[in-house]
Amino acid sequence: MMIARIWHGTTSEKDYDEYTAFMKSKAIPDYKKTEGFIKLTFLRNLKGSVAHFTLITYWENLEVIKNFAGADFEKAKYYPEDAQFLLSFEEKVTHYEVFAEE
C-alpha cells in the first residue's frame with residue numbers, strides 16, 4: 001500500500017522564495033533519485049511574516065522510506081542548508097496509508 005510522508009517547516013517571509021528555490025534544486029532531486037519514490041506535492045503559504053512549507057511525498061511502502069530516511073523513518077530529514085532558512089526543526093514527520101486516490 002502506498003504511503004504518504006508529510007513534513008512541515010517554517011521560514012521567515014523574506015526567505016519564502018529563496019527556500020522554495022533551494023527545495024527545488026536540492027531536496028526534490030534527492031527524493032526523485034530514491035528507489036521506491038512515487039511522487040511529491042510541495043505546498044507553501046504565507047501567514048503574516050511566517051512562511052509555511054508542507055511537503056507530501058508518496059512512497060511504495062515503509063521499507064523504501066527507510067532507504068531515504070534511515071531506520072528511524074519517522075524522524076525528519078534535514079539538509080545542512082536548512083539551518084540558513086528554517087525557524088525551527090520539527091523532529092518528526094507523519095505517515096499515512098493512501099487508501100484512495102483519484
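The table below lists the values:
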{"quantity": "Relative contact order %, the chain, counting alpha carbon pairs below 8 Å whose residues are six or more apart", "calculated": "44"}
{"quantity": "Note, ³J(HN,Hα) from phi for segment 56-69, Karplus 6.51, -1.76, 1.60, rounded to Hz, x at Gly and Pro", "calculated": "10, 10, 10, 10, 4, 6, 5, 4, 6, 4, 4, 5, 8, 9"}
{"quantity": "In sequence order, calculated HN-Hα J values of segment 82-87 (Karplus, 6.51, -1.76, 1.60; Hz; x Gly/Pro)", "calculated": "4, 4, 6, 10, 6, 7"}
{"quantity": "Most mobile listed residue (LYS77, LYS24, LYS47) in the chain, GNM with C-alpha springs under 10 Å", "calculated": "LYS47"}
{"quantity": "For the chain, share of DSSP beta bridges that run antiparallel, in % to the nearest 5", "calculated": "100"}
{"quantity": "Cross-link pairs beyond the 21 Å C-alpha cut-off, checked among LYS24/LYS77; LYS26/LYS66; LYS32/LYS75; LYS14/LYS92; LYS26/LYS75; LYS26/LYS47", "calculated": "LYS14/LYS92; LYS26/LYS47"}
{"quantity": "Cα-only Debye scattering, the chain: base-10 log of I(q)/I(0) at q = 0.14, 0.17 Å⁻¹", "calculated": "-0.53, -0.77"}
{"quantity": "Calculated from backbone phi, Karplus (6.51, -1.76, 1.60) coupling profile of segment 2-9 in Hz, x at Gly/Pro", "calculated": "5, 10, 9, 10, 10, 10, 10, x"}
{"quantity": "Net lengthening on full extension, ILE6/LYS75 (0.36 nm per residue, minus Cα-Cα)", "calculated": "23.7 nm"}
{"quantity": "For the chain, calculated [θ]222 nm from helices alone, where every DSSP H run of n ≥ 4 adds -39500 (n - 2.57)", "calculated": "-5000 deg cm²/dmol"}
{"quantity": "Zone of ASN67's modelled label, taken as backbone nitrogen in segment 8-50 under 15 Å from a point 7 Å along Cα→Cβ", "calculated": "30-39"}
{"quantity": "Inverse of mean 1/r across different Cα pairs in segment 1-55, Kirkwood, Å", "calculated": "12.2"}
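Here, each number is a calculation from the coordinates, and none is a lab measurement. Since we're looking at a predicted model, the values are computed, not measured. So basically every Cβ, Gly included, is an ideal-geometry build from the backbone, and we count neighbours across all protein chains shown.
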